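Here's the structure, in structure tokens; my notes come after.
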Amino acid sequence: MKHEHRSPITPDFETWPVKHTPTDVVVENGALSITWSDGQTSLYHPFLLAENDPAPETLHPMSREATLTPLDLPEDLQVANAAIAPNGAIEVHWSPARSNSVFHPGWLRGIAWFGDQPAQSTAVLWAGVEQPEPPTFDGPIALEDPQTFLKWLVALRDYGVARLESLPNQDGLLMQIVERVGPIRESNFGRMYTLEIKDDPDSNAFTSGALMQHIDMPTRECPHGLQFLFCRGNSTSGGEGIYVDAYRVAEDLRREEPEHFQALCEINWTYNNRSKSSSYNAQGPVIEQDQHGTVTGIRYNTWLRAPLVASLTDQDRAYRSYRAFTARAQASEYQMEFAYRAGDLLTFDNRRALHGRNGYDAKGGTRFIEGIYSDRDDLHSAIRTLERSLAKDTAQ
């Protein structure tokens with residue numbers, strides 16, 4: 001048969017390499033059991049298999065989204081028997097009888113459950129003494145070469161901060177670059193903003209004063225995930241950017257001051273933006289974790305905290321732990337400090353990399369920095385789709 005060795009499609013557009021091949025398949029209480037070439041065994045519920053069947057009557061062949069509901073499957077659905085096809089795919093026969101299903105082995109292995117395990121983090125934790133500059137890439141080359149653009153995105157994901165340099169002073173360029181990553185997320189500062197000195201500032205950022213390390217938008221239910229700062233010109237003195245890996249701070253606290261780490265995970269602070277024209281207000285702990293205890297986000301901004309309404313005991317724990325976090329965020333060994341140069345695009349994970357600056361002298365010089373927000377989801381999506389595209393180009 002023509003195409004008989006072609007692997008079946010998967011219920012998504014991701015690349016699922018076959019790193020381990022199935023060596024045996026059996027049915028266990030109506031579920032599918034697969035033994036793999038590395039000796040591991042995985043079980044698959046019949047409902048999971050049936051609703052992810054890539055057949056056109058189950059998933060739309062173009063969108064690859066489901067075209068049935070869970071109630072469209074019989075309640076007593078079971079795998080009747082299964083076999084390994086010559087091309088390594090898994091063929092499943094059903095009871096009650098319905099059309100046979102064929103599954104891609106790479107996809108089956110990729111979604112297999114082998115016991116509760118924390119997701120493998122790609123985060124590279126750093127302190128300024130170890131990482132004095134952000135990972136940096138040639139801007140014009142990155143905009144032309146997808147491989148370099150991908151390396152920049154991966155560095156941003158892994159380090160929480162990355163830089164493109166030598167970009168041209170061009171109107172609209174920042175927006176073009178951000179939209180290659182994903183949609184722009186607006187804020188109360190607009191779709192795009194300029195870090196300039198305002199006569200009536202609605203944020204400390206719009207002054208020439210020093211800024212302590214912080215995240216932006218702790219006042220939002222979900223703070224903005226990414227921030228892009230494009231320096232189109234800078235002839236002022238001072239104003240160096242100061243960045244801190246808050247994940248590193250959190251892990252050092254977990255190890256060296258566990259009582260403060262625990263308080264920072266447990267006690268919610270309220271943040272409000274104290275603006276004359278808007279009133280955002282949100283709560284959350286300084287350190288967010290997932291179910292495995294992995295740090296997943298930071299909500300830290302010293303000057304946007306509202307008064308803590310809590311018992312005196314909790315207030316004492318909260319303030320002492322906040323001071324412990326601040327002591328590290330302000331310590332020089334944690335800080336990455338560098339000047340904003342014309343042509344630099346500095347991008348960072350706003351819920352991981354604390355950012356601040358030294359004060360600067362606005363007299364006798366100009367400072368032109370544009371800013372845009374986006375979200376982490378857009379970064380992760382851009383990485384996956386670009387990796388998928390480059391993998392297909394390599395395979396052709």
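The values are calculated or read from the model by the stated rules, or taken from the named source; none is laboratory data. Worth saying up front: this structure is predicted, and the values here are computed from it rather than measured. Note that each Cβ is placed from the backbone with ideal geometry, even for glycine, and that neighbours are counted across all protein chains shown.
Applying the selection to the range 14-61, what residues are hydroxyl-bearing (Ser, Thr, Tyr) and over 17 Å from Val102 (Cβ atoms)?
Pass one, the range 14-61, residues hydroxyl-bearing (Ser, Thr, Tyr): 15, 21, 23, 33, 35, 37, 41-42, 44, 58.
Scanning the range 14-61 gives Thr15, Thr23, Ser33, Thr35, Ser37, Thr41, Ser42.
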**Asked** How many residues are closer than 19 Å to Ala210 by Cβ and more than 24 Å from the chain's Cα centre (by Cα) if we restrict to the range 334-347?
**Response** 3
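Please give the strands (runs of 3 or more DSSP E) falling wholly within the range 30-119 in which 1 or more residues are buried (at least 16 other Cβ atoms within 10 Å of the Cβ) and free of Cβ contacts under 8 Å to residues at least 40 places away in the same chain.
On the way: elements: 31-36, 41-44, 78-84, 90-95, 101-103.
Because the criterion is at least 1 residues that are buried (at least 16 other Cβ atoms within 10 Å of the Cβ) and free of Cβ contacts under 8 Å to residues at least 40 places away in the same chain, the strands (runs of 3 or more DSSP E) in the range 30-119 that meet it are 31-36.
Would you confirm, using the coordinates I've provided, whether Phe261 is among the aromatic types (Phe, Trp, Tyr), surrounded by 21 or more Cβ atoms within 10 Å (Cβ to Cβ), more than 22 Å from the chain's Cα centre (by Cα) and not in a loop (DSSP other than H, G, I, E, B)?
Numbers: among the aromatic types (Phe, Trp, Tyr): yes; surrounded by 21 or more Cβ atoms within 10 Å (Cβ to Cβ): yes; more than 22 Å from the chain's Cα centre (by Cα): yes; not in a loop (DSSP other than H, G, I, E, B): yes.
Considered against the rule, which asks whether it is among the aromatic types (Phe, Trp, Tyr), surrounded by 21 or more Cβ atoms within 10 Å (Cβ to Cβ), more than 22 Å from the chain's Cα centre (by Cα) and not in a loop (DSSP other than H, G, I, E, B), Phe261 comes out as yes.
Condition check ((1) assigned by TED's automatic domain parsing to the domain that holds Ala250; (2) surrounded by fewer than 19 Cβ atoms within 10 Å (Cβ to Cβ); (3) under 25 Å from Pro140 (Cβ atoms); (4) not aromatic (Phe, Trp, Tyr)) across all residues:
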| position | (1), (2), (3), (4) |
| --- | --- |
| Glu337 | yes, yes, no, yes |
| Arg341 | yes, yes, yes, yes |
| Asp344 | yes, no, yes, yes |
| Thr347 | yes, no, yes, yes |
| Asp361 | yes, yes, no, yes |
| Phe368 | yes, yes, yes, no |
| Tyr373 | yes, no, yes, no |
| Leu379 | yes, no, yes, yes |
| Asp393 | no, yes, yes, yes |
**Odd one out for Ala250 among (1) small (Gly, Ala, Ser); (2) over 25 Å from Asp377 (Cα atoms); (3) modelled with pLDDT of 95 or more** = (2)
**Complete:** Note on Ala353: of the conditions (1) over 30 Å from Cys265 (Cβ atoms); (2) out of contact with any Ser or Thr (no Cβ under 7 Å at 6 or more places or on another chain), unmet is (1)
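What about Leu253, is it in contact (Cβ under 8 Å) with a residue 60 or more places away in the chain, of a type in the set (A, V, I, L, M, F, W, C), in contact with a His (Cβ under 8 Å, 6 or more places away or on another chain) and surrounded by 12 or more Cβ atoms within 10 Å (Cβ to Cβ)? Can you show your working first?
Details: in contact (Cβ under 8 Å) with a residue 60 or more places away in the chain: yes; of a type in the set (A, V, I, L, M, F, W, C): yes; in contact with a His (Cβ under 8 Å, 6 or more places away or on another chain): yes; surrounded by 12 or more Cβ atoms within 10 Å (Cβ to Cβ): yes.
Taking the combined requirement at face value, the residue satisfies it.
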**Asked** Looking at Leu167, Leu150, which is the one that is closer than 19 Å to Cys231 by Cα and assigned by TED's automatic domain parsing to the domain that holds Leu354?
**Response** Leu167
